[in-house]
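Participant: Sharing a structure here in structure tokens format.
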């Protein structure tokens, strides 16, 4: 069954073997190690129908995580739907960088901008028990998914979800009593509009979570412009970027936060991927 399914997925997947394992694990209610140990395990009629429906969706271009309704991120299972971006391995590196920094902080207050499924703040909240979050997204549907994930992982009481176009709904927080956030994370849309339309991901994942405007830096520029009003002294901003935007994004960070230490950092594939800003 496993080998036949892998063959059937060849035209629709860049990783057919892995996708076949993941799909069969989902259908059997087992993990992929079990599937590898039982590659010819039979399916009952209900499971056969589930597989048939899944293959139909995959053939129509639906990404596997949306077919399954969940996806793994940082070792945990997250609910996903076509309303949210599918979590990527690169973003797990952002979580690792944030956790390294948080080890020296107690009772930190954090914000995640463009939270989507909530995978960043939820993963960090699970690993930093004293951390309290504000998670922001423009999409009500995405926020509903994020709330479900927060409840699923037992951190709903430590995350406040806010619908906002970047900082707009937080403008009234800028007063003398607001001390700022110790940590701000963001994985904003960063693909140039024209480029996005040439990519396979276009129409398969939410455009609102991918389209970064004419040069791909529209939202990043707007985010950085107002970030100084919301970051606390001795705080940190971690921003995920497109590999092609490294130096441009770094210049924007230095322009809007001239008194901060701004660094461009690479991912595990040695591509420019993160802007780290320390105030």
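Participant: So how far, in whole Å, is the C-alpha centre of region 170-199 from the one of region 49-95?
Facilitator: For region 170-199 versus region 49-95, the Cα centre distance is 24 Å.
Participant: Moving on. Helix 16-28 versus the longest principal axis of the chain: what is the Cα-based angle in degrees, 0 to 90, to the nearest 10?
Facilitator: Helix 16-28 sits roughly 80 degrees off the main axis of the chain.
Participant: Quick check on the chain: helices-only [θ] at 222 nm, where DSSP H runs of length 4 and up contribute -39,500 (n - 2.57) each and the sum goes over total residues. Nearest 500, please.
Facilitator: -11000 deg cm²/dmol
Participant: Once both labels are modelled 7 Å past Cα along the beta-carbon direction, what's the residue 99-residue 201 spacing in nm?
Facilitator: 2.3 nm
Participant: Here's something else I'd like to know. Using a simple spin-label model with points 7 Å from Cα along the Cα→Cβ vector, what separation in nm is obtained for residue 173 and residue 40?
Facilitator: 5.8 nm
Participant: Then there is this: Residue separation times 0.36 nm, minus the C-alpha to C-alpha distance between residue 251 and residue 33: what's the value?
Facilitator: 73.9 nm
Participant: I've got another one for you. In nanometres, what is the gap between the two model label sites at residue 164 and residue 144, each 7 Å from Cα along Cα-to-Cβ?
Facilitator: Label-label distance for residue 164 and residue 144, simple model: 2.3 nm.
Participant: Another one. Starting with the highest mean, order 262-268, 85-91, 186-192 by the number of other Cβ atoms within 10 Å, averaged over the residues of each peptide.
Facilitator: 186-192, 85-91, 262-268
Participant: Set the Förster distance to 25 Å, then compute FRET efficiency between residue 265 and residue 10 from the Cβ-Cβ distance, nearest 0.05.
Facilitator: FRET efficiency, residue 265 to residue 10: 0.10.
Participant: Compute the angle between helix 246-256 and the longest alpha-carbon principal axis of the chain, please, reported from 0 to 90 degrees and rounded to the nearest 10.
Facilitator: 30 degrees
Participant: Ok, one more. Do you know the relative contact order of region 1-78, to the nearest whole percent, from alpha carbon pairs under 8 angstrom that are 6+ apart?
Facilitator: Answer for region 1-78 is 25 percent.
Participant: Compute the acute angle (0 to 90°) between the alpha-carbon long axis of helix 140-152 and the principal axis of greatest extent of the alpha-carbon atoms of the chain; round to the nearest 10°.
Facilitator: Around 80 degrees separate the two axes.
Participant: If you don't mind, another one. Counting every Cα pair in region 200-252, what percent are over 19 Å apart?
Facilitator: Value for region 200-252: 38 percent of Cα pairs lie more than 19 Å apart.
Here, each number is a calculation from the coordinates, and none is a lab measurement. Worth saying up front: this structure is predicted, and the values here are computed from it rather than measured. Reconstructed Cβ throughout: ideal geometry from the backbone, glycine too, with neighbour counts over all protein chains shown.
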